[in-house]
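Shown next, in structure tokens, is the structure this report addresses.
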Amino acid sequence: MTHISERDLQLPDAVIGKLLRIAAEDKNIVSLGPGEPDFITPKPILDYGKKIIGKTTHYSAPNGKVELREAIAQKLKKENKINADADDIIVTTGSQEGIFAALLSTIDPTEQILIQDPGYLGYIPIIDLVEGVPIGVPCMEENNFELQPEAINAAIDKKKTKVLLINTPENPTGNVLSKKTMEAIAAIALEHDLYIFSDEAYEDLVYDKKHISFGSLNGMQDHVVTFHTFSKSYAMAGFRMGYMHGPSEFIKAASMPHHYMTLSPPHLSQWMALKALSLPKRYRDDMKNEYDRRRRYIVPRLNELGLRTHMPDGAFYTFSQITDITQKNSCDFAKDLLNKAKVAVVPGSEFGKHGEGFIRCSYAAKLPLIKEAMERIENYLK
Ligand SMILES: Cc1ncc(COP(=O)(O)O)c(C=O)c1O
């Protein structure tokens, strides 16, 4: 007999998963679907992992190795301008686990978490799992998909809202919040005594602007929890390494669900992460410059095809409007591209109600593949 919980049965079955499975199985498909770097982890990190593997067969400290937490604290101070202490850091199994642990220690059933819509599709299922209520705050194309402070104010329920979960640079739109907007959002968080959960997964992939951490803004130390990852900056997605930083009391509380979910973060990956932090910045910049080259190619090309596309300021995604060229919804359009043009993209509806009418293309794919995909879409549209 199989018994599956209601909680599990209610979880959304993401279309993206099916699309990516089909794309991975059919070698004729060019995939602009993936949400992870196409690069391989830099060689010095891999070499170090090979060298040290035999010493990492045991659990580590639940919140992560002290050497790593100290190096992370230095990085947060230097790069993010966050006044971090190693004791206020938890090394997590990717940032996804960190966000989940943080929600578990903040949210009681029926309490609300405000998220960007369109926004990263990994949030709603974990909010559902903690029995919270995700409230999408519309981020409209005419504002370059930037989260608007007035829209947050309109969505806040004084009793129920506990957290603003904000992602900048943003997946899927590539929007990077301006300092002015961030300061206005920070003022709202202070006024309503809310936490800002700041997901900075793409912090190293900002092209023409500068990445700013909410935790660096004046007076926000007690209100901000930041989530970081080695998945994107160092192309280490498979090593499942992330970390979170926040106020001492909060980190103490979040340590509990983190510990009971994972016992400890992966030991080998922690040494590799420590190595990653010791590398010159050029390792990250080289990847960023290549994404930038692709971004400058793909955006004009999509516009040429009638898929209206803003130049994204960060991450490695384009978010293109499709309603000028098709009557189809984004899911049917993406299915058509998959079946007829043999190109995998992600329908915008996967990212929330306000993602309908758009498709996401990832440029974490080699330039010749992107060129081929654009040609195929062009032929299909003809
Ligand atoms: C915005 C955002 N946050 C968090 C994650 C989770 O990344 P990881 O768990 O690999 O750190 C992703 C992955 O795509 C993401 O796009």
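Tell me yes or no: at least one residue of the range 242-257 is surrounded by 21 or more Cβ atoms within 10 Å (Cβ to Cβ), in the same structural domain as Q116 (by TED's automatic domain parsing) and among the charged types (D, E, K, R).
no
Among the residues of the range 291-310, write down those that are without any contact (Cβ under 8 Å) to a residue 12 or more places away in the chain and within 23 Å of the chain's Cα centre (by Cα).
Across the range 291-310, the qualifying residue is only R296.
Any residue in the range 321-333 that's free of Cβ contacts under 8 Å to residues at least 60 places away in the same chain and within 20 Å of F145 (Cα to Cα): show its pairings with residues that are open to solvent by 10 Å² or more (accessible area, probe 1.4 Å) and in a helix (DSSP H, G or I) at Cβ separation under 9 Å, as long as the two are six or more apart or on different chains.
N329/S349; S330/S349; S330/E350
Going by the structure shown, is A184 touching a strand residue (DSSP E or B) at 6+ places or on another chain (Cβ under 6 Å), open to solvent by less than 50 Å² (accessible area, probe 1.4 Å) and aliphatic (A, V, I, L, M)? Give the steps one after another, and end with the answer.
On the way: touching a strand residue (DSSP E or B) at 6+ places or on another chain (Cβ under 6 Å): no; open to solvent by less than 50 Å² (accessible area, probe 1.4 Å): yes; aliphatic (A, V, I, L, M): yes.
No: the conditions fail for A184.
Of the residues I370, I298, I325, which is away from the ligand (no atom under 16 Å from the Cβ) and over 29 Å from S233 (Cβ atoms)? First the steps, then the outcome.
Numbers: I370 fails: over 29 Å from S233 (Cβ atoms); I298 fails: over 29 Å from S233 (Cβ atoms).
I325 is the lone residue from the list that is away from the ligand (no atom under 16 Å from the Cβ) and over 29 Å from S233 (Cβ atoms).
Given the residues G94, G132, G98, G136, which is the only one that is crowded, with 18+ Cβ neighbours inside 10 Å, among the small types (G, A, S), touching a residue at least 60 places away in the same chain (Cβ under 8 Å) and farther than 18 Å from H245 by Cα?
Working: G94 fails: farther than 18 Å from H245 by Cα; G132 fails: touching a residue at least 60 places away in the same chain (Cβ under 8 Å); G98 fails: farther than 18 Å from H245 by Cα.
Result: G136 is the single residue among G94, G132, G98, G136 that is crowded, with 18+ Cβ neighbours inside 10 Å, among the small types (G, A, S), touching a residue at least 60 places away in the same chain (Cβ under 8 Å) and farther than 18 Å from H245 by Cα.
What do you reckon, is L205 in contact (Cβ under 8 Å) with a residue 40 or more places away in the chain, over 23 Å from I107 (Cβ atoms) and open to solvent by less than 60 Å² (accessible area, probe 1.4 Å)? Step through it out loud before you land on a result.
Details: in contact (Cβ under 8 Å) with a residue 40 or more places away in the chain: yes; over 23 Å from I107 (Cβ atoms): yes; open to solvent by less than 60 Å² (accessible area, probe 1.4 Å): yes.
When the stated conditions are applied, L205 passes them.
Take K43 and tell me if it is modelled with pLDDT under 95 and either in the same structural domain as P257 (by TED's automatic domain parsing) or among the basic types (K, R) (or both). Write out each step before concluding.
On the way: modelled with pLDDT under 95: no; either in the same structural domain as P257 (by TED's automatic domain parsing) or among the basic types (K, R) (or both): yes.
No.
Just need a number here: residues in the range 318-363 that are part of a strand (DSSP E or B) and of a type in the set (V, I, T).
The initial filter retains those residues of the range 318-363 that are part of a strand (DSSP E or B), namely 318-321, 343-344, 346-347, 358-362.
Pick out the ones that are also of a type in the set (V, I, T) and you get 318, 343, 346, 359.
Final tally of qualifying residues: 4.
What's the number of the only condition in (1) among the charged types (D, E, K, R); (2) in the same structural domain as H245 (by TED's automatic domain parsing); (3) over 30 Å from H259 (Cβ atoms) that K27 fails to meet?
(2)
Does the range 1-43 hold any residues that are β-branched (V, I, T) and without any contact (Cβ under 8 Å) to a residue 40 or more places away in the chain, and which are they? Full working, then the answer.
Quick first cut of the range 1-43, residues β-branched (V, I, T) only: 2, 4, 15-16, 22, 29-30, 40-41.
Within the range 1-43, T2, I4 qualify.
So, D38, is that one within 16 Å of the ligand (Cβ to nearest atom) and among the acidic types (D, E) or not?
yes
Would you call S231 in a helix (DSSP H, G or I) and within 11 Å of the ligand (Cβ to nearest atom)?
Values: in a helix (DSSP H, G or I): yes; within 11 Å of the ligand (Cβ to nearest atom): yes.
Yes: the conditions hold for S231.
Against the condition under 16 Å from the mean Cα position of the chain (by Cα) and either buried (at least 21 other Cβ atoms within 10 Å of the Cβ) or small (G, A, S) (or both), how does S216 come out, does it pass?
Working: under 16 Å from the mean Cα position of the chain (by Cα): no; either buried (at least 21 other Cβ atoms within 10 Å of the Cβ) or small (G, A, S) (or both): yes.
Considered against the rule, which asks whether it is under 16 Å from the mean Cα position of the chain (by Cα) and either buried (at least 21 other Cβ atoms within 10 Å of the Cβ) or small (G, A, S) (or both), S216 comes out as no.
Any idea how many residues of the range 292-337 are more than 19 Å from G119 (Cβ to Cβ), in contact with an Asp or Glu (Cβ under 9 Å, 6 or more places away or on another chain) and open to solvent by less than 10 Å² (accessible area, probe 1.4 Å)?
Summing the residues that are more than 19 Å from G119 (Cβ to Cβ), in contact with an Asp or Glu (Cβ under 9 Å, 6 or more places away or on another chain) and open to solvent by less than 10 Å² (accessible area, probe 1.4 Å) in the range 292-337 gives 1.
Could you run through the range 267-301 and say how many residues are charged (D, E, K, R) and in a loop (DSSP other than H, G, I, E, B)? Step through it out loud before you land on a result.
So in the range 267-301, the residues charged (D, E, K, R) come out as 275, 281-282, 284-286, 288, 290, 292-296, 301.
Adding the requirement that they be in a loop (DSSP other than H, G, I, E, B) leaves 281.
Going through the range 267-301 one residue at a time, the tally reaches 1.
Since E356 meets every condition but one in (1) in contact (Cβ under 8 Å) with a residue 24 or more places away in the chain; (2) over 17 Å from D117 (Cα atoms); (3) among the acidic types (D, E), which condition does it not meet?
Just one mismatch for E356, condition (2).
Of the residues in the range 9-46, how many are surrounded by 10 or more Cβ atoms within 10 Å (Cβ to Cβ) and either more than 26 Å from F316 (Cβ to Cβ) or among the hydrophobic types (A, V, I, L, M, F, W, C) (or both)?
So the count comes out to 17.
Mind checking which residues of the range 164-195 are hydrophobic (A, V, I, L, M, F, W, C) and away from the ligand (no atom under 15 Å from the Cβ)? Steps first, please.
Here is the first cut: in the range 164-195, the residues hydrophobic (A, V, I, L, M, F, W, C) are 164-166, 176-177, 182, 184-190, 194.
Across the range 164-195, the qualifying residues are M182, A184, I185, A186, A187, I188, A189, L190, L194.
The values are calculated or read from the model by the stated rules, or taken from the named source; none is laboratory data. Predicted, not measured: the structure shown is a model, and the values here were computed from it. Methodologically, a virtual Cβ is constructed for each residue, glycine included, from the backbone with ideal geometry; neighbour enumeration extends over all protein chains shown. When the accessible area is computed, the model is the full protein with side chains, heavy atoms only, and any ligands, DNA or RNA have been set aside. Shrake-Rupley method; radii C 1.70, N 1.55, O 1.52, S 1.80 Å.
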